[in-house]
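A short worksheet on the structure shown next.
Bear in mind that the values in this text are calculations on the coordinates, not laboratory data. Being a predicted model, the structure only gives us computed values, none of them experimental. Neighbour counts are summed over all protein chains in view; Cβ atoms, including those assigned to glycine, are modelled from backbone coordinates with ideal geometry.
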Amino acid sequence: MTNQIVPIVAEINTLEAEGLALAKEWKSICKADKTRFTKATSAEGFDTRLGKLMVALKAEANGRISSARLKDCGIHSIDKRRRSEALWFVENETACREFIKASKKGFTSLTALQAAMKKSLKAAQEQLEPVLKQAVEEGVVPPQSGADKSNVGLNSEAETAQAKSPSDIALDALVQCEMNGIAIKDFMLALKEQLEMLDETKVAA
């Protein structure tokens, strides 16, 4: 029995030691990734410069950048997803930087940042929908027309330049709450107060 137990205990100890070593290395990897992300998204960082170049090329081509033009500028070899994320980052730079600043854990990539912003906006929209619906039913705001846009703060400059729907405007406010550390609950209470004030004004009129 003794000869059977000892190898098993030794194996468990070896696995634990390997796990601890990997956990330590992973911590270093995450730290390095965050450092690279911070550097790449700085004013003169790789992603910022790439994004600005993509914005310029997009404007030059009136929307769609040809493969030939990417080759002319030598960036065709850069991963397509990286080019797309850099373009998105620069087109939404203010919102992105505010979101990064408000984050407690930080980010290791534009992919993670984009996913976190979309998740935050989706959660905010779900909380806002009942209030917005009530406001529409009470005639405080007009019914939304056209396609529903749920990527406020994530759209291109051309898209945000278009007329905004009530939902867009409300989500803009929620983005500001997120960036300034204001709880959604507090925003909802403030919005409710404003709706009640508008109702009183309508009655008085």
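If I model a spin label as a point 7 Å beyond the Cα along the Cα-Cβ vector, how far apart are those points for ALA61 and GLU16 in nm?
5.7 nm
Work out from phi, with θ = phi - 60° and the Karplus expression 6.51 cos²θ - 1.76 cosθ + 1.60, the ³J(HN,Hα) of each residue of region 106-114, listed in order in whole Hz, and give x for Gly and Pro.
After applying 6.51 cos²θ - 1.76 cosθ + 1.60, I find x, 10, 10, 6, 5, 4, 5, 5, 4 Hz.
Order these peptides, 57-65, 125-133, 43-51, by their mean beta-carbon neighbour count within 10 angstrom, highest first. Could you put the intermediate results ahead of the total?
Working: 57-65: 12.6, 125-133: 14.1, 43-51: 16.0.
Final packing ranking: 43-51, 125-133, 57-65.
Contour minus end-to-end for ALA190 and ALA173, with contour as 0.36 nm per residue of separation and end-to-end as the Cα-Cα distance?
Numbers: separation 17, 0.36 × 17 = 6.12 nm, distance 1.16 nm.
Additional length available on full extension: 5.0 nm.
Exceeding 29 Å between C-alpha atoms, which entries from my cross-link table qualify? They are LYS24/LYS104; LYS58/LYS105; LYS58/LYS119; LYS71/LYS119; LYS31/LYS52; LYS31/LYS118. Please list the in-between numbers first.
Numbers: LYS24/LYS104 21 Å; LYS58/LYS105 33 Å; LYS58/LYS119 27 Å; LYS71/LYS119 35 Å; LYS31/LYS52 27 Å; LYS31/LYS118 24 Å.
Distance filter (> 29 Å) returns LYS58/LYS105; LYS71/LYS119.
Can you figure out the FRET efficiency of ALA183 with LYS31, using R₀ = 35 Å and their beta-carbon distance, to the nearest 0.05?
Details: r = 30 Å, r/R0 = 0.86.
With a Förster radius of 35 Å, E is 0.70.
Which value in nm describes the separation of the simple spin-label points at GLU98 and GLN134, placed 7 Å from the Cα toward the beta carbon?
According to this spin-label approximation, the distance is 2.5 nm.
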